[in-house]
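What follows is one structure encoded as structure tokens, with my remarks underneath.
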Amino acid sequence: MGDDYESALEEKPLEFLASVANTGGSCDGQAIIPDGDRYRCWCSCGQWNVEASSQVEGLRLARLHTSTAGMP
Ligand SMILES: [Zn+2]
């Protein structure tokens, strides 16, 4: 736990950034990135960018975003 756990979390968003860098415009993926004592959350569509108090909360908000943004 501790440092190892946090560094693992920070690596994944970087991979995520690389994987969606050329697929902008749709909700292909969401990132929950630790930022101080909060989590910065954003979506590959570029239209969703919020802060969450925990990673679980961020994931919940991300699901909420994709479920509403995916509606025609
Ligand atoms: Zn989106």
**Request:** First select every other residue whose beta carbon is under 13 angstrom from the beta carbon of Ser53; then total the charges, Lys and Arg +1, Asp and Glu -1.
**Result:** -1
**Prompt:** Given N residues in the range 22-66, what is Rg(Cα) / (2.2 N^0.38 Å)?
**Reply:** 1.07
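Bear in mind these aren't lab numbers, they're just calculated from the coordinates by the rules spelled out. Note that the structure is a prediction, hence the values are computed from the model and not measured. Glycine gets a Cβ as well: all are built from the backbone with ideal geometry, and neighbour counts include every protein chain shown.
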